[in-house]
1. Which of the residues that make up segment B:418-444 are open to solvent by less than 20 Å² (accessible area, probe 1.4 Å) and either under 13 Å from B:SER343 (Cα atoms) or in the same structural domain as B:ILE341 (by the TED database) (or both)?
2. Check whether at least one residue in segment B:88-104 is on the phi < 0 side of the Ramachandran plot, assigned to a helix (DSSP H, G or I) and within 13 Å of chain A (Cβ to nearest Cβ), and report yes or no.
3. Check off (1) part of a loop (DSSP other than H, G, I, E, B); (2) within 11 Å of another protein chain (Cβ to nearest Cβ) for B:ARG296 and give me the number that stays unchecked.
4. Tell me the residue from B:ASP146, B:ASP139 that is assigned by the TED database to the domain that holds B:ARG442 and open to solvent by 80 Å² or more (accessible area, probe 1.4 Å), please.
5. Regarding B:ALA298, is this residue open to solvent by 40 Å² or more (accessible area, probe 1.4 Å) and among the small types (Gly, Ala, Ser)?
6. In segment B:66-81, what count of residues is obtained for those that are at the interface with chain A (Cβ under 8 Å from one of its Cβ atoms) and either touching a Gly at 6+ places or on another chain (Cβ under 6 Å) or open to solvent by 20 Å² or more (accessible area, probe 1.4 Å) (or both)?
7. List pairs: first residue in segment A:128-143 and in contact (Cβ under 8 Å) with a residue 24 or more places away in the chain, second residue open to solvent by 50 Å² or more (accessible area, probe 1.4 Å) and of a type in the set (Phe, Trp, Tyr) anywhere in the structure, Cβ distance under 8 angstrom, at least six positions apart or on different chains.
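The values are calculated or read from the model by the stated rules, or taken from the named source; none is laboratory data. Small disclaimer: the values here were computed from a predicted structure and weren't measured. Quick reminder, even Gly has a Cβ in these numbers, built from the backbone with ideal geometry, and neighbours come from all protein chains shown. Just so you know, the surface numbers come from the protein's heavy atoms only, side chains and all, with ligands and any DNA or RNA stripped out. Shrake-Rupley method; radii C 1.70, N 1.55, O 1.52, S 1.80 Å.
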Amino acid sequence: MNVGVAHSEVNPNTRVMNSRGMWLTYALGVGLLHIVLLSIPFFSVPVAWTLTNVIHNLGMYVFLHAVKGTPFETPDQGKARLLTHWEQLDYGVQFTSSRKFFTISPIILYFLASFYTKYDPTHFILNTASLLTVLIPKMPQLHGVRIFGINK
Amino acid sequence: MANPGGGAICNGNLHNHGKQSDGSASGNCAKNGIVKEAQQNGWPHVYDKPLVESFEEAPLHVMVFTYLGYGLGTLFGYLRDFLRSCGIEKCNAAIEREEQKDFVPLYQNFENFYTRNLYMRIRDNWNRPICSAPGSRFDVMERVSDDYNWTFRFTGRIIKDVINMGSYNFLGLAASYDESMRTVKDVLEEYGLGVASTRHEMGTLDKHEELENLVAKFLNVEAAMVFGMGFATNSMNIPALVGKGCLILSDELNHASLVLGARLSGATIRIFKHNNMQSLEKLLRDAVIYGQPRIRRAWKKILILVEGIYSMEGSIVRLPQIVALKKKYKAYLYIDEAHSIGSVGPTGRGVVEFFGLDPQDVDVLMGTFTKSFGASGGYIAGRKDLVDYLRVHSHSAVYATSMSPPVAEQIIRSMKFIMGLDGTTQGLQRVRQLAKNTRYFRQRLNEMGFIIYGNEESPVIPLLLYMPAKVAAFARHLLNRKIGVVVVGFPATPLAEARARFCVSAAHTREMLDTVLENLDEMGDLLQLKYSRHRKSARPELYDETSFELDD
């Protein structure tokens, strides 16, 4: 029962990423991060791109795959308390458009970072490692799987 | 029937034709982007003009800034939580004692995140205590906070004569005592306050019977039954009407009392999109064709649950189409007229009269006395056998205390006032004044360029604010200018649609509304709230003319 609310959505977290303008905000946020990093005079262009990639993947991992539950109380009696935000998206339905978008965007960022770092080996290892940390949890086979126990 | 008179969508405005019979009208004429349905020469309706409902979308940059606002608030929330856990910042919320650290936690820390970090910062805009009757003006107790809204203290001063734009006081009957309430005082002296019993035992007074007959007469139905609490009317009676093996089709935005009653009943609940007749028809067809899941038997009953006016959106239900659908698929209809009784319709009889329909078409008419009658409680009205069944089987009649006699007398007095039985036409004048105020307020807000949701005729007016900071700024600034409003934000509304909700009243004079509108104009410029891209001005551009000479 949703007391005092204007919608009948049991868990608003599931619909947040589908809201109008959310993808644009996300893209603008990544762009802003990149511009800030580019403006720091100590970083060369390849370093800035690798840093953008790594920081973006770190942020995505923390907010989508590490933090569990909802920041507000939901009337579903805690069904989503042990689920990360990624698992809550669209109530667990796989391959929706939001999920596809957030899977593809780190890959695009990876391509751009690889190009701008001129495929240098050190940068390559860093970028690939951080891409994997963010791609593996998104696979549908890992829905609800907790390796080495990040469970509570 | 492919198109039971549904409107067409263009430019974010949804135009819906008021009078609709079973045969669907196919003649649409498009003019300047507005689609109207061809008028049918059916039976004469009081409301001949097409209904206009609009739910305009804001420009994209507004949504981006809204998400950025929430994102920044979230980041700062994480920072503050970190500081609190380090001990650098004092933690004001409840924390576990040292001895309890090893126990299983009672609450999850994260679920309070929004409350701690976002709501607490702007908490002074809600739960404001008032100290007078909630008429068109009221007195608010002044309170300040020394520790950023974690605790409040009252300064002892009272902010007097704040214009009340938040109370559900549609006809202005929630005022302080005056001579017309003498009968209430007499009943209080004669009957006392408490009933001390349920309806089945010793709690049925002659006042209840008088009230029930009056309600039945007011709504033009066979019989009615009243209950002590509006919320409880829904949650206690829906389980008595439907049970396991029945199907409930409920609107997306139904109130918590309807949702609770539906869940308590044990029936299967399916939700259709808000006011969307295609969605409802699809659900009805599937229910009739496929029957109950797995056993494929027919449903025992199909009950459609809708509201007259939805309080958060200001939209009015598409009653003619729903009645047509219910007749076609043989379902029952339950309307919750909490906000629409007394406030819409030419004589204030609710949505059924608003659309010019027959009250016999609606199976269960439910409403509350809280909004337009200045009292408390609810009623259910309909056919006599339905009401007799409820008198025996309603959970409220068996277990809940019945309505208090002075409250019943207040409702009797106000209903007679509205119906004109007290010998004056003031009731009718108030209903008309409310309609005039509604139209004026909505029209002026639209002209100013705010985004307003809902039907043109509904006295509940949500004004969209979108960004969380603007929600707080709006409420605080308006209180400084002595106007009291209700604001709501996420997670009570969808993420990006925080709003302020105005309730127009018949007790508001034109001057009060003009004051409010002037202040809203200034607030709109100060906070940049005028997002609407459909500026429609009702007045022609005469003010641009400097002279009216023919050969200038």
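1. The answer is B:ILE418, B:GLY427, B:VAL431, B:LEU434, B:ASN437, B:THR438.
2. Scanning segment B:88-104 turns up no residue that is on the phi < 0 side of the Ramachandran plot, assigned to a helix (DSSP H, G or I) and within 13 Å of chain A (Cβ to nearest Cβ).
3. All conditions pass for B:ARG296, except number (2).
4. Answer to the selection: B:ASP146.
5. Answer is yes for this residue.
6. So the count comes out to 3.
7. A:THR133/A:TYR61; A:VAL134/A:TYR61; A:PRO137/A:TYR61; A:PRO140/A:PHE95
Residues are listed down the side, and each one gets a yes or a no for (1) surrounded by 11 or more Cβ atoms within 10 Å (Cβ to Cβ); (2) aliphatic (A, V, I, L, M); (3) not in a loop (DSSP other than H, G, I, E, B):
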| position | (1), (2), (3) |
| --- | --- |
| A:SER98 | yes, no, yes |
| A:THR103 | yes, no, yes |
| A:ILE107 | yes, yes, yes |
| A:SER114 | yes, no, yes |
| A:THR122 | no, no, yes |
| A:THR128 | yes, no, yes |
| A:LEU135 | yes, yes, yes |
| A:ILE147 | no, yes, no |
